Amino acid sequence: MSREYVIDDRSCKMRLDVYLISQIPDVTRSRLKKAIEDGEVLVNGKVVKAGYDLRIGDRVVADISDTKPTMAQAEDLPIDIVYEDDDIVVVNKAQGMVVHPAVGNWSGTLVNALLHNVGSLSEVNGDFRPGIVHRIDKDTSGLLVIAKNDKAHNSLSSQIADKQCKRYYVALVQGRVKDYTGEIITNIARDPKNRLRMAVCDSTKGKIAHTIYTVDKYFQGYTLVRFELKTGRTHQIRVHSAYMKHPIVGDKLYNPNKSKFHTDGQLLHAYKLVLTHPTTGKLMEFTAPIPEYFTKILEGLQIDK
């Protein structure tokens with residue numbers, strides 16, 4: 001169960017762990033400590049240490065339970081299935097939907113919906129990620145391929161590892177991107193200052209991340225950019241866009257500029273997916289149109305030559 005608190009003058013200067021013990025007496029101290037370490041407790045949207053001194057106005061969100069489901073449960077949730085056969089399902093995931101159950105989101109995820117709408121999924125990734133071969137962020141929309149059996153799962157995973165499965169995205173970024181086309185190759189690791197973020201790091205840390213980009217259209221103050229993922233690191237396009245000094249519009253984690261548009265997340269959409277069918281060997285291409293909320297923003301912008 002999720003609990004939310006706003007710190008007042010009576011609780012300021014208390015340690016986070018001490019405060020939570022006073023507020024959640026039904027959860028053991030050891031469980032609370034582990035919950036803080038595991039990121040189940042956020043202060044102002046960030047993971048902090050147990051000894052953090054609370055301040056007036058701090059917003060504490062704790063999603064803690066001594067128990068969790070033993071496996072993902074089927075839920076009657078709407079999803080956009082683009083293609084389905086005996087081996088794979090291709091889904092156009094809506095913005096705002098988490099891909100699989102985890103701490104803070106044990107229900108309401110794409111996996112929960114798939115178990116209801118599709119049924120049998122591969123078991124390679126365990127009870128909470130059945131069928132999941134690759135992921136996209138909660139607030140990113142677009143195409144995902146799901147494996148319905150282990151043979152298909154292993155084939156798709158190999159295609160992604162060997163860069164045979166191609167994934168394409170489109171995003172509206174801040175500012176005018178100077179070079180019409182280019183590529184970004186860096187290492188990416190967890191940001192040591194904010195555990196919710198990833199960051200570009202030196203070659204001795206993290207993992208290599210490779211992104212190719214092409215300008216689609218220039219607008220006054222913005223650029224519509226197409227991206228091809230050569231690797232699939234967490235937040236890769238979002239991190240690389242910010243690294244270029246052109247963060248994605250609506251990205252609350254990587255874009256420090258206040259957006260003039262009302263968005264529920266970053267304007268980033270996985271619009272094309274190319275793969276080889278795991279059984280037939282046929283090359284397959286799937287596309288998903290840019291969502292309406294995204295196109296409406298584009299239509300309101302002035303084109304810049």
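The values are calculated or read from the model by the stated rules, or taken from the named source; none is laboratory data. None of the values given here were measured: they were computed from a predicted structure. Virtual Cβ from ideal backbone geometry, glycine too; neighbours counted across all protein chains shown. Just the protein is used for accessible areas: all its heavy atoms, side chains included, with ligands, DNA and RNA removed. Shrake-Rupley method; radii C 1.70, N 1.55, O 1.52, S 1.80 Å.
The figures follow:
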| item | result |
| --- | --- |
| Computed lengthening from K193 to T280, 0.36 nm per intervening residue step minus Cα-Cα distance | 26.6 nm |
| By accessible area with a 1.4 Å probe, ligands and nucleic acids excluded, highest first: order of Y5, Y254 | Y5, Y254 |
| Residue-count net charge about D17 - beta-carbon cut-off 12 Å; Lys, Arg +1, Asp, Glu -1 | +4 |
| Reference-scaled alpha-carbon Rg (2.2 N^0.38 Å with N residues) for the stretch 167-291 | 1.11 |
| Pairs from K93/K258; K151/K282; K93/K148; K13/K49; K163/K207 whose Cα-Cα separation, in the structure shown, is over 19 Å | K93/K258 |
| For the stretch 94-140 and the stretch 228-243, distance of Cα centres in Å | 21 |
| Rounded to the nearest 10 Å², the accessible area of L77 at probe 1.4 Å | 40 |
| 10 Å-binned pair-distance histogram of the stretch 165-232 (Cα, whole percent) | 20, 39, 35, 6 |
| Centroid-to-centroid separation of the stretch 25-75 and the stretch 142-190 [C-alpha atoms, Å] | 31 |
| Among Y271, Y213, Y83: highest mean-square fluctuation, GNM of the chain, C-alpha pairs under 10 Å | Y83 |
| FRET efficiency estimate (nearest 0.05) - Cβ-Cβ, K163 to S120, R0 35 angstrom | 0.75 |
| Choice from V111, V27, V133 with maximal GNM fluctuation in the chain (Cα, 10 Å cutoff) | V27 |
| Listed residues S155, S11, S22, most fluctuating in the chain (Gaussian network, C-alpha, under 10 Å) | S22 |
| Across K138/K205; K138/K230; K138/K305, pairs whose alpha-carbon gap is larger than 29 Å | K138/K305 |
| Carbon plus sulfur fraction of accessible area for the chain, probe 1.4 Å, in percent | 48 |
| Residues of the chain: accessible area per residue with a 1.4 Å probe, Å² | 52 |
| Those residues of the stretch 220-235 whose amide nitrogen sits under 20 Å from the label point placed on T287, 7 Å along Cα→Cβ | 224-229 |
| Cubic angstrom per residue, convex hull over Cα atoms of the stretch 84-169 | 93 |
| Length added when fully stretched, D38-L301, from 0.36 nm per residue minus Cα-Cα | 90.5 nm |
| Net charge dipole size for the stretch 30-115 [Lys, Arg +1 and Asp, Glu -1 on Cβ; Debye, nearest 20] | 780 |
| Heavy-atom accessible area order for S157, S203, largest first, 1.4 Å probe | S203, S157 |
| Hull shadow area, averaged, the chain [alpha-carbon convex hull, nm²] | 17.5 |
